[in-house]
1. What percentage of all Cα-Cα pairs in segment 99-181 are separated by more than 14 Å?
2. For segment 10-66, what is the relative contact order in percent, using Cα pairs closer than 8 Å and at least 6 residues apart in sequence?
3. Distance in nm between label sites at residue 145 and residue 48, each 7 Å beyond Cα in the beta-carbon direction?
4. Looking at the square roots a ≥ b ≥ c of the eigenvalues of the Cα gyration tensor of segment 10-66, which shape do they give, rounded for a/c under 1.5, prolate if a/b is larger than b/c, or oblate?
5. What ranking do 141, 60 get, fewest neighbouring Cβ atoms within 10 angstrom at the top?
6. ³J(HN,Hα) across segment 159-169 via Karplus (A = 6.51, B = -1.76, C = 1.60, θ = phi - 60°), whole Hz, x for Gly/Pro?
7. Quick one: which residues, 5+ away or cross-chain, put their amide H under 5 Å from the amide H of residue 176? H built at 1.01 Å from N.
8. Can you give the FRET efficiency for residue 168 and residue 61, using 1/(1 + (r/R0)^6), R0 = 35 Å, r = Cβ-Cβ distance, to the nearest 0.05?
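Bear in mind these aren't lab numbers, they're just calculated from the coordinates by the rules spelled out. These numbers were taken from a predicted model, which means no experiment stands behind them. Every residue, glycine among them, receives a Cβ derived from its backbone with ideal geometry; neighbour counts consider all protein chains shown.
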Amino acid sequence: MTSGKYFNKGVKALDEPNLGYVVRETPDKIVVFGEKNERYDIPIKEIEQVGANVLIGLNSADLDKYAVPRDAPLPAGRQDPWAEPDKVVDLAAYEGKYPNTLFNKGVRAKNEDHVGHVLKETNDKIVVFGENNKRFDIPKSEIYQVGMNVIIKIDFPEIFKYEVPKEAPLPTGEPIETVDTDAFPEDYHGPK
C-alpha cells in the first residue's frame with residue numbers, strides 16, 4: 001500500500017453507495033466516518049477495488065463487525081513510540097517527548113458534543129475531521145481546556161463558522177493529503 005492511497009476518498013459497500021469517507025489509513029486498516037455518526041475500522045484485506053472511491057467487498061450489514069464508537073481514539077500514526085509490536089514502551093518518556101501535541105485527540109464543543117478528531121496541528125489552528133463529512137479549521141484561541149479531549153469554548157451552530165471543504169489545503173498551504181503522508185514519513189521503514 002502506498003501512503004495516501006485511500007485517505008479522504010468516499011467508501012462504498014456492495015449494497016451501499018455512500019458509507020462515508022476515509023479519515024485515516026494505517027498499514028493494515030482504514031478508518032471510515034459515516035454520515036450517521038458511524039465509524040468503521042476496516043481491514044485493508046476487505047477492500048475490493050480502489051478508484052475514485054474505495055469499494056469494500058462486503059454488504060453494509062456485514063460491516064457491523066468493524067463498527068467502532070465514533071469518539072474512540074483513532075489508530076496511531078507517525079508519532080508512535082514503538083517501532084515493533086513486541087517492544088516494551090516507556091510511555092512516560094513518550095509523553096515527555098510530545099508533551100504539547102493535540103494530534104489525534106478528540107474534540108468536543110463547550111456543551112460536550114463530539115466535534116471530531118485533530119488530524120493536524122499548526123502554530124495557531126487545529127484541523128478537525130468530524131461528523132457528517134465535515135472539516136473544521138479551528139483557531140487555538142477557541143480552545144478552552146485540554147485533557148483527554150480538546151474542549152473548545154463554543155457550541156453548535158457557532159462552530160460552523162470554521163467549517164472548510166474537507167479537501168481544501170491545510171492552513172499551512174500544504175495539500176490535505178499531507179495529513180496522511182505525515183503518518184508515513186520518508187524515514188519510516190515499517191509496512192505501508
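1. Every Cα pair in segment 99-181 considered, those over 14 Å come to 58 percent.
2. This gives 34 percent for segment 10-66.
3. Placing both labels 7 Å along Cα→Cβ, they lie 4.7 nm apart.
4. Details: a/c = 1.20, a/b = 1.07, b/c = 1.12.
It is rounded, given that a/c, with a ≥ b ≥ c, falls under 1.5.
5. In order of increasing Cβ crowding within 10 Å: 141, 60.
6. 4, 5, 5, 9, 6, 9, x, 4, 9, 5, x
7. So residue 176 has HN proximity to 170.
8. Between residue 168 and residue 61 the formula returns 0.55.
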